[in-house]
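All remarks here apply to the structure that follows.
The values are calculated or read from the model by the stated rules, or taken from the named source; none is laboratory data. This is a predicted model, so every value here is computed, not measured. Don't worry about glycine lacking a Cβ; one is built from the backbone with ideal geometry, like all the others, and counts go over all protein chains shown.
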Amino acid sequence: MAAVAGITLPLLSVSALALTIGFSQIGSESGWRTSETESIKAEAQRRGIDLKFSDAQQKQENQIKALRSFIAQGVDGILLAPVVETGWDQVLKEANRAKIPVVLIDRGVDSDPSLYLTKVASDFKEEGALAASWLAARTNGKCDIAELQGTVGSSAAIDRKSGFDSVISNFPNMKIIRSQSGDFTRAGGKEVMESFLKAENGGKNICAVFAHNDDMALGAILAIKEAGLKPSKDIIIVSIDAVPDIFKAMADGETNATIELNPHLGGPAFDAINASKKGESVDKWIKANGPLYLPDTAAEEYQKRK
Ligand code: AHR
């Protein structure tokens with residue numbers, strides 16, 4: 001007990017107040033991913049959370065090892081940004097048995113939802129559908145599209161593709177003529193776009209690029225310029241994330257549209273773990289969808305975000 005101005009208070013140790021949370025992050029493949037990591041670390045610090053951070057460098061096996069180590073340490077909760085959608089059942093069951101709540105961050109898994117507390121993420125299908133609807137309106141429903149897919153097997157790539165395809169299937173003159181993974185990286189986007197341009201008459205057959213993220217779109221912009229074409233004019237570009245560099249490219253007239261993916265997912269994830277500790281119910285999906293941005297606000301958005 002401690003006495004303050006004559007009042008006796010129960011003495012609470014810091015460890016009784018602060019949560020210890022393990023965070024298994026995918027890696028640092030994109031500008032968006034780096035912002036998400038920084039935002040979650042900052043939010044943990046603001047709340048006095050002891051965050052045990054592990055960078056999986058794009059490997060699921062590293063994530064599974066990290067989760068097992070968090071479980072062995074008896075953390076109060078786990079944030080998992082799963083690199084791919086499948087293969088999580090066993091380790092999620094282990095966390096469940098240890099009564100450690102797992103919050104999926106940003107990407108989803110195909111496991112039974114009873115194995116995790118909640119998913120804090122955007123609806124990737126809606127993002128893909130929004131990109132396709134905008135492109136259909138922009139091209140009057142006539143466009144041959146080159147698609148730069150994200151990491152193979154990730155929910156972000158699977159669902160963005162399926163959302164996009166579901167909309168263009170309503171337009172007989174819109175079709176995907178090339179589609180390949182650029183692994184969500186700028187270098188991958190550039191390399192794949194170079195091969196598309198070569199295969200499609202130097203790019204003359206390509207009406208638009210749908211890039212599953214901004215970094216691949218930024219790589220594609222470089223490839224298009226090197227091929228002697230004007231990105232955004234000769235080839236329309238739509239992508240997802242809304243990172244500062246894409247707004248700079250848009251303000252410079254080199255890309256056409258981006259859809260925002262909110263990187264500030266730490267707050268709702270920590271709130272969900274707190275709520276579950278208090279025995280409160282938590283929604284299975286805490287959605288964080290963002291709007292589509294066009295060049296008219298790009299310079300202003302760049303100033304706000306850079
Ligand atoms: O899972 C979300 C995606 O992963 C982002 O769009 C991309 O930039 C990333 O790295």
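Assorted remarks:
- Count - residues of segment 78-119 that are farther than 15 Å from Thr151 by Cβ, under 15 Å from the mean Cα position of the chain (by Cα) and free of Cβ contacts under 8 Å to residues at least 60 places away in the same chain: 2
- When Asp283, Asp241, Asp296 are screened for being among the charged types (D, E, K, R) and more than 26 Å from Ala44 (Cα to Cα), only Asp296 passes.
- Residue match in segment 134-146 (condition: out of contact with any Leu (no Cβ under 9 Å at 6 or more places or on another chain) and within 16 Å of the ligand (Cβ to nearest atom)): no
- Matching entry among Ser54, Ser35, Ser69 (being within 26 Å of Ala187 (Cβ to Cβ), at pLDDT 95 or above and touching a strand residue (DSSP E or B) at 6+ places or on another chain (Cβ under 8 Å)): Ser54
- Inclusion of Ala132 among residues that are within 30 Å of Asn170 (Cα to Cα) and either touching a Pro at 6+ places or on another chain (Cβ under 8 Å) or in a helix (DSSP H, G or I) (or both) is warranted.
- Arg178 vs. criteria at pLDDT 95 or above, within 16 Å of the ligand (Cβ to nearest atom), of a type outside the set (Phe, Trp, Tyr) and crowded, with 16+ Cβ neighbours inside 10 Å: no
- Exclusive hit being among the β-branched types (Val, Ile, Thr), more than 16 Å from the ligand (Cβ to nearest atom) and assigned to a helix (DSSP H, G or I), set Ile246, Ile221, Ile273, Ile206: Ile273
- Taking the criterion of being buried (at least 20 other Cβ atoms within 10 Å of the Cβ), within 19 Å of Val83 (Cα to Cα) and in contact (Cβ under 8 Å) with a residue 60 or more places away in the chain, the residues of segment 34-62 that qualify are Glu36, Ile40.
- Enumeration of residues in segment 120-153 that are among the hydroxyl-bearing types (Ser, Thr, Tyr), within 27 Å of Gly266 (Cβ to Cβ) and surrounded by fewer than 24 Cβ atoms within 10 Å (Cβ to Cβ): Ser122
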